[in-house]
Amino acid sequence: MHQERGRVMGTVPQMNLGEFYRELRNSRLVKQKDVVRGDFTAAQLSRFESGKSMLAADKLILAVEGINMTMEEFTYKYHGYKEAPHIELANLISDLYYQQDRDGLRELLESDLLKAEGELYARLNGIVVKVALAALDGRTDFDEEDRKFLSDYLFAIEEWTSFELYLFLNAQMLLNDHMIVNLLSELKNKSKSYRNLRKHRDYLKKILINSVGEMIEREKYGLAEAFLTELERLVETTDAFEQIFVNYCRLCISLIKSGGSMEFQTKTEAYIASVGLIVSSKVSTLLERHYKLCVLKEDC
């Protein structure tokens, strides 16, 4: 099964990029003259579309914008309606984790699929796989070299793209409290250039959700409350899941602060049950598991 996923991820169209672009432009009913502008000429575009030359990066961006597509949409279609290979790999790790496929994750650690990412990214994605395995096994013992390698990398990158946000989100369990606090503080500067992209805003919310849950599990309730306040600032009217999580965590923190009063316990459990009735049984099951494990300290 895992080898088949690997072959799919390596598949790209055989036609050259210019021919691919020409077919896409024609299918979108756009003429060459409506694409070119400034020092980007019709002759350059014609040579590109006929496979005689490539476009410089700035001209390719203009060409894609000229047919009212984003680069993300363009590359997604070019890869045969698949994400870029590194995103496909991240999705595979996530799928294996949620399927609780420990064997699949262990195989992935030794696979050519991981090695194909190059030494740096293979090491970083390997750390994410190790964290996923540790989470499934309920372990908190991590290799100190992995912890240092990940934190050094995240601190060294000046501007975080979705890859760094993905790393921080999925390997946060590896980091100590001090690292998480410092990285969250730096996150405002490291990701501000991309803050207007919805994908990045969604990542930021997921990171804060994960941070709140992680701090409650570690019994760092002051930090959990601070991260929750930051999350509330980002939550929009349409963010239904995020709002459910905020309400749930507020109830949990109130319950913990009250010393486990029956009043707040009843309110929290009633809220979880209402989520199951109104929203989704899967979401309520997720909340219930976290509640029993991290708030009531019961074995799940």
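Every number in this text was worked out from the coordinates using simple rules, so none of it is lab data. Remember, it's a predicted structure, so these values are computed and weren't measured experimentally. Neighbour counts run over all protein chains shown; Cβ positions are idealised from the backbone, glycine included.
Select one label from [x] 26.0, 79; [y] 23.2, 76; [z] 20.2, 65: the one whose number is Rg and Dmax of the Cα atoms in Å as derived from the coordinates shown.
Here the calculated entry is [y].
What do you get for the angle between helix 198-217 and the principal long axis of the chain? Use alpha-carbon atoms, 0 to 90 degrees, nearest ten.
20
Angle between the Cα long axis of helix 177-190 and the longest principal axis of the chain, 0 to 90 degrees, nearest 10?
Around 40 degrees separate the two axes.
Convert each backbone phi in region 88-103 into a coupling constant with the Karplus relation 6.51 cos²θ - 1.76 cosθ + 1.60 (shift: θ = phi - 60°), then list the ³J(HN,Hα) values in order as whole Hz, x for Gly and Pro.
4, 5, 4, 5, 5, 4, 4, 4, 5, 5, 5, 7, 6, 8, 4, 4
Are any of the pairs LYS188/LYS257; LYS31/LYS77; LYS115/LYS148; LYS192/LYS257 more than 24 Å apart by Cα-Cα distance, and if so, which?
Pairs exceeding the cut-off: LYS188/LYS257; LYS192/LYS257.
At 7 Å along the Cα-to-beta-carbon direction for both LEU109 and THR140, put a label point, then send me their distance in nm to one decimal.
2.1
Gap in Å between the Cα centre of region 83-147 and the Cα centre of region 265-288?
Using only Cα atoms to place each centre, the spacing works out to 31 Å.
Using the crude model of +1 on Lys and Arg Cβ and -1 on Asp and Glu Cβ, and no other charge, please compute the dipole size for region 180-300 relative to its Cα centre, in debye to 20.
540
In Å and on Cα atoms, what radius of gyration and Dmax does region 235-300 show?
11.7, 35
Residue farthest toward the positive end of the dipole of the chain, with Cβ of Lys/Arg at +1 and Asp/Glu at -1: which of ILE67, THR140, VAL181?
Checking the options against the dipole of the chain, the answer is ILE67.
Tell me, what ³J(HN,Hα) does each residue in region 117-126 have, in order and in whole Hz, if you take phi through Karplus 6.51 cos²θ - 1.76 cosθ + 1.60 with θ = phi - 60° and put x for Gly and Pro?
For region 117-126, the Karplus-derived couplings read 6, x, 4, 5, 6, 5, 5, 5, 5, x Hz, x marking Gly and Pro.
Using the crude model of +1 on Lys and Arg Cβ and -1 on Asp and Glu Cβ, and no other charge, please compute the dipole size for the chain relative to its Cα centre, in debye to 20. Please list the in-between numbers first.
Values: 40 positive and 47 negative charges, 221 e Å.
Dipole about the Cα centre, nearest 20: 1060 debye.
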